[in-house]
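Presented below is the structure to which this report refers.
The values are calculated or read from the model by the stated rules, or taken from the named source; none is laboratory data. This structure is a prediction, so every number in the text was calculated from the model and none was measured. Note that we place each Cβ from the backbone using ideal geometry, even for glycine, and neighbour counts take in every protein chain shown.
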Amino acid sequence: MNTQQLRNLLIDKISSIRDVKYLMAIKTILDTNFPEQEPYKLTDAQRKKVRTGLEQLKNGEITSNEDLEKEEDEWLNE
């Protein structure tokens, strides 16, 4: 079943529900998982940091999580 088929199935099932409490429960679930909010807006400085990070990733300038944890342990033990 693809996404569109699943969406249509859910719409059909929800459309047939007459119990208001049940519908409110579904609404609560949907509101919790997909809050209505504006897209996050980045400042120019934040956009620059993101571009820098993407460029570093593209150039292979990365550090593994394991290496970061080692650095953190060393820093904490100083």
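The table for this structure:
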item: Hits in segment 63-78 (condition: part of a loop (DSSP other than H, G, I, E, B) and under 20 Å from G53 (Cα atoms)); result: T63, S64
item: Residue selected from segment 15-62 under the condition of a type in the set (D, E) and assigned to a loop (DSSP other than H, G, I, E, B), by the criterion farthest from the chain's Cα centre (by Cα); result: D19
item: Residue list for segment 29-62, filter: loosely packed, with under 10 Cβ neighbours inside 10 Å, among the polar types (S, T, N, Q) and modelled with pLDDT of 90 or more; result: T43, N59
item: Condition met for T28 (polar (S, T, N, Q) and not assigned by TED's automatic domain parsing to the domain that holds I14); result: no
item: Meets criteria (of a type in the set (D, E, K, R), assigned to a helix (DSSP H, G or I), free of Cβ contacts under 8 Å to residues at least 24 places away in the same chain and exposed (fewer than 10 other Cβ atoms within 10 Å of the Cβ)) for D12; result: yes
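Rundown of residues vs (1) of a type in the set (D, E); (2) farther than 30 Å from R7 by Cβ, yes/no style:
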site: L30; (1), (2): no, no
site: Y40; (1), (2): no, no
site: A45; (1), (2): no, yes
site: K48; (1), (2): no, yes
site: T52; (1), (2): no, yes
site: L57; (1), (2): no, yes
site: I62; (1), (2): no, yes
site: D73; (1), (2): yes, yes
site: N77; (1), (2): no, yes
